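Data block below; observations after.
The values are calculated or read from the model by the stated rules, or taken from the named source; none is laboratory data. A quick note: this is a predicted structure, and the numbers were derived from the prediction, not measured. Because the Cβ atoms are built from the backbone with ideal geometry, glycine has one as well, and the counts that use them run over all protein chains shown. Please note that ligands, DNA and RNA were not included when accessible areas were found on the heavy atoms of the full protein model with its side chains. Shrake-Rupley method; radii C 1.70, N 1.55, O 1.52, S 1.80 Å.
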Amino acid sequence: MLIALFLVLYVVAINVMTVLAYRIDKEQAQLHGWRVAEKTLLLMGFAGGTVGAYWAQQAFRHKTYKPSFQRAFWSIATFQVAAVTFCAVLLIG
């Protein structure tokens, strides 16, 4: 039970941080200021913030038209769905 609680808290936290990173990057892009590296945004998604990243892309209209970024993002999302499915199959039996 404690592991499940930790996992839920982690996923919520990483998604909130990912949304904030996208927001900061969007604001800095508009101001021509310091930007959050694309590798950082993708790493945050890989670390569990994919849902937050997708939401932020749509909400802030950010990184939605860059093909190389979108390919990397959707590769990460596909990998995560496959990994979660694999783990679920192992757990359910």
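Data for the structure
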{"quantity": "Among (i) 14, 29, 26, 17, 12, 2; (ii) 17, 53, 28, 2; (iii) 16, 44, 26, 11, 2, 0, the entry that matches P(r) over Cα pairs in 10 Å bins from 0, in percent as calculated here", "calculated": "(iii)"}
{"quantity": "Tilt relative to the chain, helix 2-31 - C-alpha long axis, 0 to 90 degrees, to 10", "calculated": "10"}
{"quantity": "Amide N proximity, the stretch 27-59 versus S68 label position 7 Å along Cα-to-Cβ, cut-off under 13 Å", "calculated": "38-39"}
{"quantity": "Kirkwood hydrodynamic radius of the stretch 48-93, Cα pairs, Å", "calculated": "11.7"}
{"quantity": "Charge dipole (the chain, unit charges on Cβ, about Cα centre) - positive-most of I24, F79, I14", "calculated": "I24"}
{"quantity": "Lys, Arg +1 and Asp, Glu -1 on Cβ, resulting dipole of the chain about Cα centre, debye, nearest 20", "calculated": "260"}
{"quantity": "Accessible solvent surface per residue of the chain, calculated while the other protein chains remain in place, 1.4 angstrom probe, Å²", "calculated": "72"}
{"quantity": "Accessible-area composition of the chain, carbon plus sulfur, in percent [1.4 Å probe]", "calculated": "75"}
{"quantity": "Around K26: net Lys/Arg minus Asp/Glu count, Cβ-Cβ under 15 Å", "calculated": "+2"}
